[in-house]
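Reviewing the structure listed below.
Every read-out reported here was derived from the displayed coordinates using simple, explicitly stated rules and does not represent laboratory data. Predicted model, so just to flag it, every value in this text is computed and none were measured. Cβ coordinates were reconstructed from backbone atoms using ideal geometry, including for glycine residues, and neighbour counts include every protein chain displayed.
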Amino acid sequence: MKNLIVVLSGPSGAGKGSIYKKISNMSDRTVRYVSMTTRKQREGEIPGFDYDYISIDEFKERETQGYFLETDFYDGNYYGTPRISNIEELGKDVFFDLNANGAMKIKEAYPEAILIYILPPNLERLKRQLGNRGDARIELAKAEVPLALRYEWLVINDDLDRAASDILSIMEVIRKSRMQNSENQSFVKQFY
Ligand code: 5GP
């Protein structure tokens with residue numbers, strides 16, 4: 001069956017990273033597509049899993065060479081999604097963790113991509129979960145969250161296990177029910 005492309009977005013502190021880790025423990029058919037960034041590695045982050053950390057010069061050079069599918073400048077740092085030569089060959093459901101600008105660009109390149117916006121249950125929780133990532137992140141969240149209305153799916157992260165299984169349920173519904181699936185098209189065709 002065709003692999004899915006899933007984009008997880010949401011304000012910093014919404015728990016996208018933890019949710020993906022949970023999903024990858026619950027399903028062995030997922031892979032995380034790793035972005036490149038010029039931001040400093042945070043404690044607990046793993047190079048090559050969370051991000052590939054590069055210098056601004058290297059980022060700019062790769063950007064000029066057309067290495068990225070999309071890039072964005074966010075909270076003082078550059079982020080970029082490397083071009084994907086053949087997403088099918090990855091052989092698994094591919095997860096991206098991108099802000100809204102990145103998500104919209106992935107949707108343009110891959111219209112079948114599933115865009116999921118993740119939010120904590122309320123603003124207080126968001127502030128708490130942002131911890132020491134800085135007040136600028138709250139302002140950035142307030143600016144970005146209205147874009148959530150352009151997404152197809154909303155998952156509220158009040159409980160990590162439930163948020164992860166909600167996402168897996170969305171994926172299963174899409175995998176089974178999307179009319180564009182060749183199995184579904186053949187099924188429909190038997191009736192005419
Ligand atoms: P953080 O610094 O908290 O890891 O990420 C900041 C924001 O950048 C998050 O909203 C994250 O989803 C987004 N982001 C991470 N990688 C990329 C990327 O390659 N492209 C875009 N457009 N956004 C990204």
Does region 34-83 come out rounded, prolate or oblate by the C-alpha gyration tensor, with a ≥ b ≥ c the root eigenvalues, rounded set by a/c under 1.5 and, if not, prolate when a/b is larger than b/c and oblate if not? prolate
Which whole-Hz ³J(HN,Hα) couplings does region 10-25 yield from phi under the Karplus relation 6.51 cos²θ - 1.76 cosθ + 1.60, θ = phi - 60°, glycine and proline marked x? x, x, 3, x, 6, x, 4, x, 5, 5, 4, 4, 4, 4, 5, 6
Could you order peptides 60-68, 93-101 by the average number of other Cβ atoms within 10 Å of their residues, highest first? 93-101, 60-68
Set the Förster distance to 30 Å, then compute FRET efficiency between Ala136 and Leu160 from the Cβ-Cβ distance, nearest 0.05. 0.70
Classify region 1-136: rounded, prolate or oblate, from the alpha-carbon gyration tensor (a ≥ b ≥ c, eigenvalue square roots; a/c under 1.5 rounded; otherwise prolate if a/b is larger than b/c)? oblate
Note to self: C-alpha centroids of region 115-176 and region 60-99 sit apart, in Å, by 21
Rounded to the nearest 500, what is the chain's calculated 222 nm mean residue ellipticity when only DSSP H runs of at least 4 contribute -39500 (n - 2.57) each, over all residues? -11500 deg cm²/dmol
Of Pro111, Phe73, Ser24, which is farthest along the charge dipole of region 20-113 in the positive direction, counting Lys and Arg as +1 and Asp and Glu as -1 at C-beta? Ser24
Measuring from its Cα centre, the chain shows a charge dipole (+1 at each Lys and Arg Cβ, -1 at each Asp and Glu Cβ) which, in debye to the nearest 20, is 360
